[in-house]
Amino acid sequence: MGFKYQIYDQSKAYFLTFTVVQWVDIFSRKAYRDIIVESLKYCQSNKGLNIFAWVIMSNHMHLVVQSVKEDLSQVVCDFKKFTSKKIVETIKTGNESRQDWMLNLFSFEASKRKRNKDFQVWIQNSHSVEVYSNEFLRQKVEYIHYNPVRAGIVEKPEDYLYSSARDYAGLDCLIEVIKVDIYAE
C-alpha cells in the first residue's frame, strides 16, 4: 500500500496543494482567482483558518495553514466544495470563452466518482504534509513564494499579486497572513 497524503493531526499546520482536474488552467482568469481569495478570507474569518503562506497558480494552489476552530480536514472539504460550485456557476453565467469545454471536462471527471454527480473541479485528494520543523516550514514558504518566479510569471516573488510573498515583503496584499520568521533557528 502506498503512502497516502492526509491530515492526521487536525491541530497541526500543513503544507497543502490543491490541483484542478486534468491540470486545467482555470486560474489564468482573474474571476476564478478572486473566488479563491474571497473563500480563503471567509475561512479565516469564520472557520478559524490561520494562513501562513499561499499562492494561486494557473491550475493549482499551495498553502501553509492551520485551523484553530474546526478540523482542518473539514475546512479543506468545505473550501473545495464551495469553490467548486462557485467556479462552475461563474463559468456558466460569465463570459468564459472555454465554457463548453470546461463544463464538459468537469462533468466527465465527476462521472468517474460515485459521490460527485455534477462537476468535479478539484482533484479529489489534496497533497497534505504536516509541518514538522522550522526548516521544513522555511522550505515550503520559499517554495510557495518562488512558484511564480519558477513559472516565469514574475522576476521577484513579491511582484506576484496572488501570493503571500507580498505580505512578507511589507507590500499591499490580497490576504493578510500570519508571517513566520522563516530564518529563525
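Condition check ((1) touching a helix residue (DSSP H, G or I) at 6+ places or on another chain (Cβ under 8 Å); (2) over 17 Å from Asn59 (Cα atoms); (3) not hydroxyl-bearing (Ser, Thr, Tyr)) across all residues:
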residue: Asp78; (1), (2), (3): yes, yes, yes
residue: Lys86; (1), (2), (3): yes, no, yes
residue: Trp101; (1), (2), (3): no, no, yes
residue: Gln124; (1), (2), (3): no, no, yes
residue: Gly152; (1), (2), (3): no, no, yes
residue: Tyr160; (1), (2), (3): yes, no, no
residue: Val177; (1), (2), (3): yes, yes, yes
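Take the residues of region 99-130 that are free of Cβ contacts under 8 Å to residues at least 12 places away in the same chain and touching a Lys or Arg at 6+ places or on another chain (Cβ under 9 Å): which is farthest from Ile36 (Cα to Cα)?
Among those residues, the one meeting the criterion is Ser111.
Of all residues in region 28-60, how many are farther than 18 Å from Tyr143 by Cβ and of a type outside the set (D, E, K, R)?
Summing the residues that are farther than 18 Å from Tyr143 by Cβ and of a type outside the set (D, E, K, R) in region 28-60 gives 16.
Of the residues Ile91, Ile87, which is free of Cβ contacts under 8 Å to residues at least 60 places away in the same chain, buried (at least 17 other Cβ atoms within 10 Å of the Cβ), assigned to a helix (DSSP H, G or I) and of a type in the set (A, V, I, L, M)?
Ile91
Yes or no, residue by residue, for (1) crowded, with 17+ Cβ neighbours inside 10 Å; (2) out of contact with any strand residue (DSSP E or B) (no Cβ under 8 Å at 6 or more places or on another chain); (3) under 22 Å from Leu161 (Cβ atoms); (4) modelled with pLDDT of 95 or more:
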site: Lys41; (1), (2), (3), (4): no, yes, yes, yes
site: Ser45; (1), (2), (3), (4): no, yes, yes, yes
site: Met57; (1), (2), (3), (4): yes, yes, yes, yes
site: Asn104; (1), (2), (3), (4): no, yes, no, yes
site: Lys117; (1), (2), (3), (4): no, yes, no, no
site: Ser126; (1), (2), (3), (4): yes, no, no, no
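Within region 92-99, is there a residue that is within 14 Å of the chain's Cα centre (by Cα) and either basic (Lys, Arg) or more than 19 Å from Leu40 (Cβ to Cβ) (or both)?
Checked against the condition, which is being within 14 Å of the chain's Cα centre (by Cα) and either basic (Lys, Arg) or more than 19 Å from Leu40 (Cβ to Cβ) (or both), region 92-99 yields no hits at all.
Considering only region 142-185, state which residues are at pLDDT 95 or above and of a type in the set (Lys, Arg).
Arg150, Lys156, Arg166
The values are calculated or read from the model by the stated rules, or taken from the named source; none is laboratory data. Remember, predicted model here, so these are calculated numbers, not experimental data. Here Cβ is always computed from backbone atoms with ideal geometry, including for glycine, and neighbour counts include all displayed protein chains.
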